[in-house]
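Input: a single structure, listed below in structure tokens.
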């Protein structure tokens with residue numbers, strides 16, 4: 001009798017493990033879908049630029065093949081030593097919402113100026 005109960009318990013435990021594994025798989029799959037669909041870059045705003053054009057900075061950010069994802073761009077420019085345009089000293093990105101990024105730009109100072117009249 002004990003062997004039958006032990007066998008049933010093993011079968012029930014295996015079924016529970018399969019259900020847990022399937023549940024985890026579905027949760028991970030849903031998180032990936034949300035990550036890909038919700039965090040699509042739809043617009044980029046630029047603040048702090050005086051000399052370097054807004055469109056130049058936006059096209060610089062969009063030249064990366066994975067720039068379609070706002071989380072990727074946020075991570076790349078805030079947590080890595082990503083290359084920035086030569087006239088930009090520092091650039092940090094923030095989220096306005098999941099599909100809009102705001103680029104906070106600090107430009108390098110002018111080293112010289114010649115006026116032609």
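One table, with the values for the structure above:
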quantity	calculated
Tally of residues being assigned to a helix (DSSP H, G or I) and closer than 16 Å to residue 107 by Cβ across segment 65-93	1
Total residues in segment 76-88, condition modelled with pLDDT of 90 or more and in contact with a strand residue (DSSP E or B) (Cβ under 9 Å, 6 or more places away or on another chain)	3
Residues located in segment 94-109, provided they are in a strand (DSSP E or B) and within 16 Å of residue 58 (Cα to Cα)	94, 95, 96, 100, 101, 102, 103, 104, 105, 106, 107
Residue list for segment 52-64, filter: part of a loop (DSSP other than H, G, I, E, B), within 25 Å of residue 36 (Cβ to Cβ) and either more than 14 Å from the chain's Cα centre (by Cα) or touching a residue at least 40 places away in the same chain (Cβ under 8 Å) (or both)	63
Any chance residue 44 is part of a helix (DSSP H, G or I), surrounded by 14 or more Cβ atoms within 10 Å (Cβ to Cβ) and either touching a residue at least 40 places away in the same chain (Cβ under 8 Å) or out of contact with any helix residue (DSSP H, G or I) (no Cβ under 7 Å at 6 or more places or on another chain) (or both)	no
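Table: residues versus (1) surrounded by 15 or more Cβ atoms within 10 Å (Cβ to Cβ); (2) closer than 19 Å to residue 35 by Cβ.
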{"residue": "73", "(1), (2)": "yes, yes"}
{"residue": "86", "(1), (2)": "no, no"}
{"residue": "95", "(1), (2)": "no, yes"}
{"residue": "98", "(1), (2)": "yes, yes"}
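The values are calculated or read from the model by the stated rules, or taken from the named source; none is laboratory data. Keep in mind that what you see is a predicted model, and the values were worked out from it rather than measured. Cβ sites come from the backbone with ideal geometry, for glycine too, and all protein chains shown count toward neighbours.
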